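Q: Could you have a look at this structure, given as structure tokens, before my questions?
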Amino acid sequence: MSKQITDNNFWNKFSGVFIGLYNRNKTILTLSAVLFLGFLFLGILTGYFSSNYIGHLLNTYFTLLHESHIQINTLSIFFHNLQAALVAYFGGLIGIIPVGVLSVNGFLYGAFLGYLIHGPIVTSSGVFTPVHFIVYTLPHGILELPGFIIAGAAGFRLTTMVIGVIKSIMRKTPINDHYWKFKDSLILLAIAILLIFIAAIIEANITLSLGNYITGLNLTATGK
């Protein structure tokens, strides 16, 4: 009985920490999600209505990836996405960088999807449609995309800390009042990195084979 009470207390405290974290950062998490999803939608529209331009960009992008001979594995995917997450976080020191990271990533996802909605791509393995894109993205994207959004929110929290510290210095009030913002930003970043790492494992080891099984295609990894 005492062990059950102890376990309940642990989980209550554990859940309380995350509920508190969410409540304190609900606004910036919402802002981060709205930015990402807003540019995702903008990317879909651009990819659909400017398919020739987007198609040229995508061909250039995939040609460069193919010629670079990047080895696709868990670590290469993780470090690639980690770079974007860290740029979004540390960029929060000057404010505008998280906006750029979220908007660019959201736009690129959306542009590719919009391009496919305008017309499927014919590959050596078959016809690649928007449904195929979702199938090959969802297994890891369900963690990777929230990871980017949370990393952006961590950067925004860092921005609010910098602004708060500057205001405290100007008003000659204690800067320690803003320590919780720095601590929350680190926790959010840690959660984002964990999600991105798990997503990298899934993308490197599961997504492609699962997508091929579901769609009947035979796509191979040529780059991230």
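Q: Just to be sure, is Thr220 surrounded by 13 or more Cβ atoms within 10 Å (Cβ to Cβ) and more than 15 Å from Leu21 (Cβ to Cβ)?
A: Values: surrounded by 13 or more Cβ atoms within 10 Å (Cβ to Cβ): no; more than 15 Å from Leu21 (Cβ to Cβ): yes.
In short, no.
Q: Which numbered condition trips up Trp180, out of (1) hydrophobic (A, V, I, L, M, F, W, C); (2) within 15 Å of the chain's Cα centre (by Cα); (3) over 22 Å from Leu145 (Cβ atoms)?
A: That leaves (2) as the condition not met.
Condition check ((1) assigned to a helix (DSSP H, G or I); (2) surrounded by fewer than 20 Cβ atoms within 10 Å (Cβ to Cβ); (3) aromatic (Phe, Trp, Tyr)) across all residues:
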{"site": "Phe156", "(1), (2), (3)": "yes, no, yes"}
{"site": "Thr159", "(1), (2), (3)": "yes, no, no"}
{"site": "Ile169", "(1), (2), (3)": "yes, yes, no"}
{"site": "His178", "(1), (2), (3)": "yes, yes, no"}
{"site": "Ala190", "(1), (2), (3)": "yes, yes, no"}
{"site": "Ile206", "(1), (2), (3)": "yes, yes, no"}
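Q: Quick check, is Ile77 over 23 Å from Asn212 (Cα atoms), touching a residue at least 60 places away in the same chain (Cβ under 8 Å), out of contact with any Leu (no Cβ under 7 Å at 6 or more places or on another chain) and open to solvent by less than 30 Å² (accessible area, probe 1.4 Å)?
A: No.
Q: How many residues are among the β-branched types (Val, Ile, Thr) and under 12 Å from Phe36 (Cβ atoms) if we restrict to the range 139-166?
A: Applying the first criterion (among the β-branched types (Val, Ile, Thr)) to the range 139-166 yields 142, 149-150, 159-160, 162-163, 165-166.
Still in the list and also under 12 Å from Phe36 (Cβ atoms): 149-150.
So the count comes out to 2.
Q: Let me ask something additional. Counting only residues that are in a strand (DSSP E or B) and more than 25 Å from the chain's Cα centre (by Cα), which one in the range 122-140 is surrounded by the fewest Cβ atoms within 10 Å (Cβ to Cβ)?
A: Narrowing the range 122-140 to residues in a strand (DSSP E or B): 122-123, 126-128.
Still in the running and more than 25 Å from the chain's Cα centre (by Cα): 122-123, 126-127.
Values: Val122: 9, Thr123: 12, Gly126: 15, Val127: 12.
Filtering first and then ranking leaves Val122.
Q: For the range 24-44, indicate whether the set of residues that are part of a helix (DSSP H, G or I), open to solvent by 70 Å² or more (accessible area, probe 1.4 Å) and at pLDDT below 95 is non-empty.
A: no
Q: Given (1) touching a residue at least 60 places away in the same chain (Cβ under 8 Å); (2) closer than 19 Å to Leu75 by Cα; (3) open to solvent by less than 70 Å² (accessible area, probe 1.4 Å), where does Phe197 come up short, assuming only one miss?
A: (3)
The values are calculated or read from the model by the stated rules, or taken from the named source; none is laboratory data. Just so it is clear, the structure is predicted and the values come from calculations on it, not from any experiment. Note: ideal-geometry Cβ built from the backbone for every residue, glycine included; neighbour counts use all protein chains shown. Keep in mind that these areas ignore ligands, DNA and RNA; they rest on the heavy atoms of the full protein, side chains included. Shrake-Rupley method; radii C 1.70, N 1.55, O 1.52, S 1.80 Å.
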